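Peer 1: I have a structure I would like to understand better, so I am pasting it below and will then ask my questions one at a time.
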Amino acid sequence: MLIHELAARTGVSAKTIRYYESIGLLPAPRRLPNGYRDYDESDVGRLRLVAGSRRLGLSLDEIGELLSMRDQGVAPCRTLLDLLAAKADEISERIRELQRLEGELRRLYELGLTFPTDDVDGKHCVCHLVSQQRS
């Protein structure tokens, strides 16, 4: 099948398919006499795994590790499960951080409402509060 057919079957753009080939996530396909790429069913399955893993937030390096295991005849299932658990933990931590940030923003907003809004120098207004924030 041609690249546009692979793209249609997997929902991955032709440009992204070529990129995945260039970094080794997809093997270089056979070439037709006219130079066009020629893919087969194994490419569809591999690309669907790559695309699904990307949608779940796995990095290209992590996906490469899974594919390398599979290429070596080792089932990557346990490794994938561990990556999924780690990704879920990472997202939970990000949610906690975002909730903390939301609370801080709301507190600053409420406090900022008690300050004047016409302080051009920014010494006695909400701008001063924001400038005092530390990372």
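Peer 1: Does Thr79 meet the test of being polar (S, T, N, Q), more than 21 Å from Ala14 (Cβ to Cβ) and not in a helix (DSSP H, G or I)?
Peer 2: So Thr79 does not fit the description; no.
Peer 1: Moving on. What pairs come up if the first residue lies in segment 43-57 and is closer than 19 Å to Ile3 by Cα, the second is of a type in the set (Lys, Arg) and surrounded by fewer than 19 Cβ atoms within 10 Å (Cβ to Cβ), and their beta carbons are under 8 Å apart, counting only those six or more places apart or on different chains?
Peer 2: Val44/Arg9
Peer 1: Please work out if Arg31 is without any contact (Cβ under 8 Å) to a residue 24 or more places away in the chain, crowded, with 16+ Cβ neighbours inside 10 Å and either under 16 Å from Leu83 (Cβ atoms) or out of contact with any helix residue (DSSP H, G or I) (no Cβ under 6 Å at 6 or more places or on another chain) (or both). Quick ask: steps written out before the conclusion?
Peer 2: On the way: without any contact (Cβ under 8 Å) to a residue 24 or more places away in the chain: yes; crowded, with 16+ Cβ neighbours inside 10 Å: no; either under 16 Å from Leu83 (Cβ atoms) or out of contact with any helix residue (DSSP H, G or I) (no Cβ under 6 Å at 6 or more places or on another chain) (or both): yes.
Here the answer is no, as Arg31 does not meet what is asked.
Peer 1: Can you tell me which residue in segment 110-127 is surrounded by the fewest Cβ atoms within 10 Å (Cβ to Cβ), limited to those that are without any contact (Cβ under 8 Å) to a residue 12 or more places away in the chain and outside any loop (DSSP other than H, G, I, E, B)?
Peer 2: Glu110
Peer 1: Which residues, taken from segment 82-135, are closer than 21 Å to Ser53 by Cβ and either of a type in the set (Lys, Arg) or at pLDDT below 95 (or both)?
Peer 2: Result: Lys87, Arg94.
The values are calculated or read from the model by the stated rules, or taken from the named source; none is laboratory data. If you're wondering where the values come from, they're calculated on a predicted model, not measured in any experiment. Methodologically, a virtual Cβ is constructed for each residue, glycine included, from the backbone with ideal geometry; neighbour enumeration extends over all protein chains shown.
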